[in-house]
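Chemist: Got a structure here, written out as structure tokens. Questions coming.
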Amino acid sequence: MIRTLVAAAALAGTAQAQGIALNWFPEAEHGGFYAAQAAGLYKAKGLDIKLVAGGPGAPVLQEVATGRVEFGVSNADEVLIARSQGVPVVAVLAPIQTSPRVIMVHEESGITSLAQLKDLTLAIEPQAPFSAWMKKKLPLEGVRFVPYSGSVAPFLSDKKWAQQAYGISEPFAAIQKGAKVRNLLVSDLGYNPYTSVLVVSEKTLREKPEMVAKVVEASKAGWDLYLQDSHPADAAIRSVNKQVDQPLLDFGHGELLKLCRNADTQAKGTGIMTAARWDDLRAQLVALGTLKADAEPAAKAWTDRFLVHP
């Protein structure tokens, strides 16, 4: 999936106040938000939340910053980059703790780690920070880089083809076509931005903290429900995205059970964020030249005030 930060394309649908703009078409990675909606958790708090489908180039953070929609879904690195460009958004919940970003290879290749990527074609988004991080950390000897098209067709026809993917989606499409795939997590290299992060503008955070608290609490509870039983959310997702079916959503849920849980969530609950993770991510983006060395502290890009209670 291509996650472009700045684009002229409009969001699919019409965003409303108390809406949550998604960064892609509704899929498993948004499951907790649909679970909250399906269970009536937003309505129980007096909220009328509309989940607004996104797509390629959906300018979620810009829409949130300008107030066209009050909440959005993005990834942590995109939040830091957007703020460096003057887009005043703040992360308030991080459901997916381990980035689903993978490099998908054929099992027959014998490759079992990212360090073994050699003498093959790699379809990848060249300007993405994770791509630059891989080039910084890996030898990638004999690797021919080509633009990522979003299709698994080239992968299926070439055993020496590898490509970027989200481990909760594209690998399933390849498996369905008969391929034997191995997913290599980019997070194993240390580049691990929080994913499907709920964001809000500084203005909304300042002027409507009670409303933000309600949305965060309902969304967090929705993700807990989704991880326990995805089917109510799956039904809601299928009703608005005819391109996904239940086997794909089941596959995604199975992967998210691993990606949404870690030592931090065991200690402090679903969606928790830590200063160490955000500071590390900022330092990585500075090392890549994506952020300037004098960029603002990462602490301004996120808050756990609605997640940690005394």
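Chemist: Probe radius 1.4 Å, ligands and nucleic acids ignored: give me the carbon and sulfur share of the accessible area of the chain as a rounded percent.
Modeler: In the chain, the share of accessible area belonging to carbon and sulfur is 53 percent.
Chemist: Give me the 1.4 Å probe accessible area per residue for the range 160-274, excluding ligands and nucleic acids, in Å².
Modeler: 43 Å²
Chemist: Could you report the range 12-72's accessible area per residue, 1.4 Å probe, as an integer in Å²?
Modeler: Ligands and nucleic acids excluded, the figure is 33 Å² per residue.
Chemist: How large is the dipole of the chain about the Cα centre if only Lys and Arg carry +1 and Asp and Glu carry -1, each at its Cβ, rounded to the nearest 20 debye?
Modeler: Once rounded to the nearest 20, the dipole reads 260 debye.
Chemist: So, one more: Show me, bin by bin at 5 Å from 0, the whole-percent P(r) of the range 186-235 based on Cα pairs.
Modeler: 5, 16, 17, 17, 16, 17, 11, 3
Chemist: Quick one: divide the alpha-carbon radius of gyration of the range 211-310 by 2.2 N^0.38 Å and tell me what you get.
Modeler: Compared with the compact-globule rule of thumb, the range 211-310 sits at 1.35.
Chemist: Based on the Kirkwood radius over alpha-carbon pairs, what is the Stokes-Einstein translational diffusion coefficient of the range 39-122 at 25 °C with 0.890 mPa s viscosity, in µm²/s?
Modeler: For the chosen part, D equals 149 µm²/s.
Chemist: Taking 4 °C and 1.567 mPa s as the conditions, I'd like the Stokes-Einstein D for the range 67-166 in µm²/s, using the Kirkwood hydrodynamic radius from alpha carbon pairs.
Modeler: 83 µm²/s
Chemist: Do you know the relative contact order of the chain, to the nearest whole percent, from alpha carbon pairs under 8 angstrom that are 6+ apart?
Modeler: Averaging sequence separation for qualifying contacts and normalising by length gives 27 percent for the chain.
Chemist: Picking from P232, P56, P297, which is most flexible by a Gaussian network model of the chain using Cα springs under 10 Å?
Modeler: Result for the chain, Cα springs under 10 Å: P297 fluctuates most.
Chemist: Okay, moving on. Take the alpha carbon atoms of the chain, find their radius of gyration, then divide it by 2.2 N^0.38 Å using N residues; give the quotient.
Modeler: Dividing the Cα Rg of the chain by 2.2 N^0.38 Å gives 0.96.
Chemist: Could you name the aspartates and glutamates whose alpha carbon sits less than 18 Å from that of K242, not counting residues in the same chain fewer than 8 places away?
Modeler: Within reach: E27, E29, E170, D234, D250.
Chemist: Counting only DSSP beta bridges with both residues in the chain, what percent are antiparallel, rounded to the nearest 5?
Modeler: Close to 60 percent.
Chemist: Using Cα springs under 10 Å in a Gaussian network model of the chain, which residue among P59, P193, P154 shows the largest mean-square fluctuation?
Modeler: Top of the fluctuation ranking is P154.
Chemist: For D280 and D48 in the same chain, what is the full-extension length gain: residue separation times 0.36 nm, less their Cα-Cα distance, in nm?
Modeler: Computed gain between D280 and D48 is 79.9 nm.
Chemist: Moving to a separate point now. Tell me the mean residue ellipticity at 222 nm calculated for the chain from its helices only (DSSP H runs of n ≥ 4, each -39500 (n - 2.57), averaged over every residue, nearest 500).
Modeler: Mean residue ellipticity, 222 nm, calculated: -11000 deg cm²/dmol.
Chemist: Roughly what angle does helix 246-259 make with the longest principal axis of the chain, taking Cα atoms, 0 to 90 degrees, to the nearest 10?
Modeler: The angle comes out at about 80 degrees.
Chemist: Between R144 and V240, what's the calculated FRET efficiency when r is the beta-carbon distance and R0 is 35 Å? Round to 0.05.
Modeler: Here the calculated transfer efficiency is 0.35.
The values are calculated or read from the model by the stated rules, or taken from the named source; none is laboratory data. Computed from a predicted structure; not experimentally measured. Positions of Cβ are backbone-derived with ideal geometry, glycine not excepted, and every protein chain shown enters the neighbour counts. The protein model used for the area step is the full one, side chains on, heavy atoms only, and it has no ligands, DNA or RNA in it. Shrake-Rupley method; radii C 1.70, N 1.55, O 1.52, S 1.80 Å.
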